[in-house]
2 protein chains.
Amino acid sequence: MPNETLHTVHSYEQELEHLRLLVNKMGGLAERQVAQAIIAVVDHDEAAALDAPEMDPQVDELERETEALVIRLLALRAPMAGDLREVVAALKISGDLERIGDCAASIARRAMRSELLSCPISVTGLRSMGRLVQDNLRRTIDAMDQRDPELARIVWQSDTAVDELYTAMFRELVTYMMEDPRNIGPCTHLLFIAKNLERIGDHATNISERVYYAVTGHILPIVRPRGGTFD
Amino acid sequence: MPNETLHTVHSYEQELEHLRLLVNKMGGLAERQVAQAIIAVVDHDEAAALDAPEMDPQVDELERETEALVIRLLALRAPMAGDLREVVAALKISGDLERIGDCAASIARRAMRSELLSCPISVTGLRSMGRLVQDNLRRTIDAMDQRDPELARIVWQSDTAVDELYTAMFRELVTYMMEDPRNIGPCTHLLFIAKNLERIGDHATNISERVYYAVTGHILPIVRPRGGTFD
């Protein structure tokens with residue numbers, strides 16, 4: 001009988017570890033999708049542009065696996081307290097990671113549109129925004145992997161800078177469109193690319209909130225500091 | 001002892017019923033937010049525009065309540081099979097409903113921007129798109145309340161028409177911008193309003209998928225039929 005208990009505890013830990021592995025793998029893929037999407041836009045790199053959408057089915061599959069494992073863990077293992085919070089967080093985080101992948105795929109698909117390839121508009125703003133979003137996402141995933149609530153809180157706060165860059169880009173792109181109607185086509189796509197980057201930032205803050213709650217049992221303040229006014 | 005069991009069973013059912021009530025209430029609020037946001041845009045109605053963002057804190061609070069109850073139910077009641085699927089679905093659905101509210105609030109805030117109030121662009125396309133999205137959302141929430149998988153499947157399929165209207169609107173708005181640079185400001189806002197409507201449609205299809213799975217235990221095909229090509 002003690003052996004059986006030991007066995008159960010052991011495989012419960014294994015299942016929890018497997019859940020962490022799945023979410024971690026999703027995080028890695030989402031990071032790669034975002035990186036490739038940004039390369040696709042700023043360097044007009046076709047191979048990178050194909051990469052992000054191609055990873056989508058794998059991310060979707062991992063999300064389904066995560067959910068199936070969460071349901072299994074809840075049904076058969078009845079995790080408590082911190083474990084329960086972690087399992088529920090995994091479910092929510094996998095949803096955010098999947099949406100980050102969607103945003104990246106959408107950016108990558110737009111990056112290869114003919115209007116953008118022949119576009120004279122400088123993408124400096126996008127480059128800075130992309131760098132910041134990537135950096136926040138990486139640190140969010142680090143906070144998740146290391147279960148570090150302090151890092152999660154710091155990343156959560158730093159999304160303000162992404163919002164500010166987005167607002168600046170929005171204004172800048174509208175100005176380009178006003179200057180020359182030939183800019184309208186590419187700039188509308190750039191607007192949506194910027195919006196998708198901003199949304200990736202938002203999903204990263206959602207993940208940070210989840211990590212903070214899962215580890216500490218406390219929720220971050222309801223209203224996150226926001227930069228800019230466009231939404 | 002039998003009394004205690006009865007009592008436990010009774011209050012488990014009560015808690016499950018309370019969970020349904022919470023999600024149902026969120027669904028009602030999300031529907032109202034979307035309705036008011038559409039009125040704000042198509043009728044330039046200021047009172048309606050203020051309504052949708054004002055409801056946001058209430059929706060957020062309901063999402064937190066839902067999550068707290070889900071964790072409580074999972075920890076103390078260990079629901080099984082169909083109940084477990086329903087509890088997990090409630091968690092995911094509340095997330096989609098909260099995001100629908102965010103999209104509606106974003107639409108409402110844009111609706112009152114001065115560029116849009118003085119805008120000569122006809123909003124016929126938005127009106128049709130708004131009607132369709134509202135209709136799909138209402139039927140999704142009906143499917144959820146009545147736990148009707150067939151209705152969920154039908155609504156899930158009908159989002160294709162929303163995608164098609166969105167693509168048509170995108171093209172139309174770009175044309176207006178080309179015609180007259182004074183249209184650029186209002187049209188960029190209209191583009192994002194249309195995008196938010198399309199996203200509300202996407203969240204409604206996510207909810208339909210959840211309802212279908214929670215009730216039947218089967219998942220809908222992975223790739224949903226999509227209309228149009230812009231994303």
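No lab work stands behind these numbers, since they all come straight from the coordinates. Bear in mind the structure is a predicted one, so any value in this text is a computation, not a measurement. Cβ: placed from backbone, ideal geometry, glycine included. Neighbour counts: every protein chain shown.
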Enumerate the whole-percent occupancy of each 10 Å bin, from 0 to the last occupied one, for all C-alpha pair distances of the protein assembly as shown. 4, 20, 31, 27, 12, 4, 1, 0, 0
Where in chain A are the DSSP H helices whose alpha-carbon span along the long axis reaches 18 Å or more and whose Kyte-Doolittle mean is at least 0.0? A:81-111, A:149-179, A:184-216
Could you grab the Rg to Rh ratio for the stretch A:163-226? Cα atoms only, Kirkwood for Rh. 1.21
Rounded to the nearest 500, the 222 nm mean residue ellipticity computed for the protein assembly as shown from DSSP H runs (n ≥ 4, each -39500 (n - 2.57)) alone is -30500 deg cm²/dmol
Report the per residue volume, in Å³, of the convex hull enclosing the C-alpha atoms of the stretch A:2-216. 100 Å³
Quick note on B:H203, B:H18, ordering by fewest other C-beta atoms within 10 Å, gives B:H18, B:H203
Please report how far the C-alpha centroid of the stretch B:61-86 lies from that of the stretch A:50-98, rounded to the nearest whole angstrom. 16 Å
How many nm is it between the label spots at B:D180 and B:R113, if each spot is 7 Å from the Cα in line with the beta carbon? 1.8 nm
Using a 7 Å offset from the Cα along the Cα-to-Cβ direction at both A:E150 and A:M80, what is the distance between the two label points in nm, to one decimal? 3.0 nm
Springs between alpha-carbon atoms under 10 Å, Gaussian network over chain B: tell me which of B:L137, B:L76, B:L22 tops the mean-square fluctuations. B:L76
Full extension from A:E172 to A:A47: what is 0.36 nm times the residue separation minus their Cα-Cα distance, to one decimal in nm? 42.2 nm
Over the Cα atoms of the stretch A:13-118, what radius of gyration and what Dmax do you get, in Å? 16.5, 57
Among B:C119, B:C187, B:C103, whose mean-square fluctuation peaks in a Gaussian network model of chain B (Cα, cutoff 10 Å)? B:C119
So which residue, out of B:S106, B:S114, B:S208, gets the largest mean-square fluctuation from a GNM of chain B using Cα contacts under 10 Å as springs? B:S114
